[in-house]
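The values are calculated or read from the model by the stated rules, or taken from the named source; none is laboratory data. None of these values were measured; they are calculated from a predicted model. Please note: Cβ atoms are built from the backbone with ideal geometry, for glycine as well, and neighbour counts cover all protein chains shown. The accessibility values were calculated without ligands, DNA or RNA, using every heavy atom of the protein model including side chains. Shrake-Rupley method; radii C 1.70, N 1.55, O 1.52, S 1.80 Å.
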Amino acid sequence: MSFLTRLVYGIILGFLSFLSAVFLGFIQGKLVATFSLIGTSIVLEAQPAAVASLPLHFHPFSGAVISILGNLVVVPVFSFTIEEIINRWKWIRKKLQKTERWSHTFEKYGAWALIPLSPVLGAYVCIGVGHLLRWKRRRVLTNVLIGMVVSTFAITYGGHSIFMLLTSWLKWF
């Protein structure tokens with residue numbers, strides 16, 4: 001598949017993710033707040049955007065989904081084009097040949113390490129690491145997505161629970 005084809009696929013998938021997030025925000029009547037969450041997700045990742053969805057009065061589920069979809073706007077473009085970037089820079093390709101034997105040894109189970117690392121390092125870094133280590137794209141994307149979804153929902157519902165607990169506690173005083 002050519003670079004241009006991969007780039008077009010990435011742009012289409014990113015645009016579909018963007019439209020899905022906007023549609024979800026439009027259904028809730030919070031279009032401007034949705035654009036804010038999408039921008040936060042693109043720049044700061046899905047977890048901080050999920051936390052930011054609570055003061056914007058999103059339901060925790062929809063705030064987490066919009067944050068995840070907002071983060072997925074850039075992921076397909078990055079994932080489909082990183083291979084071309086690696087192939088064009090000879091010095092990176094030379095460095096990667098040295099690590100190729102090591103990475104194939106740990107590929108089957110090493111990609112699972114991306115699940116707990118994706119909330120800490122972020123989806124973009126984990127996808128980059130997975131591609132630099134020449135792990136299978138599908139395995140890397142699946143594990144990063146699992147880590148991102150689980151952590152985003154945990155943070156959103158945890159923050160919502162703490163907020164509700166504090167507001168009910170403050171009513172007693």
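For segment 21-86, the average shadow cast by the Cα convex hull is 4.3 nm², which is a quarter of the hull's surface.
Charges were assigned to the Cβ only: +1 to each Lys and Arg, -1 to each Asp and Glu. The resulting dipole of segment 35-130 about its Cα centre is roughly 540 debye. Candidates Tyr124, Trp135, Ile38 compared by Cα position along the dipole of segment 1-145: farthest toward the positive end lies Trp135, with charges placed on Cβ. Counting only protein heavy atoms and a 1.4 Å probe, segment 51-150 has 56 square angstrom of accessible area per residue.
Electrostatic bookkeeping for Leu114 treats Lys and Arg as +1 and Asp and Glu as -1; over the other residues with beta carbon under 15 Å from its beta carbon, the sum is +4.
Rg and Dmax, both from the Cα atoms of the chain and both in Å, are 18.5, 66.
Please report how many Lys pairs in segment 54-161 have alpha carbons closer than 19 angstrom, counting only residues at least 8 apart along the chain or sitting on separate chains. Write out the running numbers ahead of the final one.
On the way: Lys90/Lys98; Lys95/Lys136; Lys98/Lys108; Lys98/Lys136; Lys108/Lys136.
The result is 5.
About the centre of its Cα atoms, the chain shows a dipole size close to 740 debye [charges on the beta carbon of Lys, Arg (+1) and Asp, Glu (-1) only; nearest 20 debye].
A dipole drawn for the chain from +1 and -1 charges on Cβ atoms has a positive end, and of Leu16, Gly147, Ala111 the residue lying farthest that way is Ala111. For segment 49-151, the carbon plus sulfur part of the accessible surface works out to 70%, probe radius 1.4 Å.
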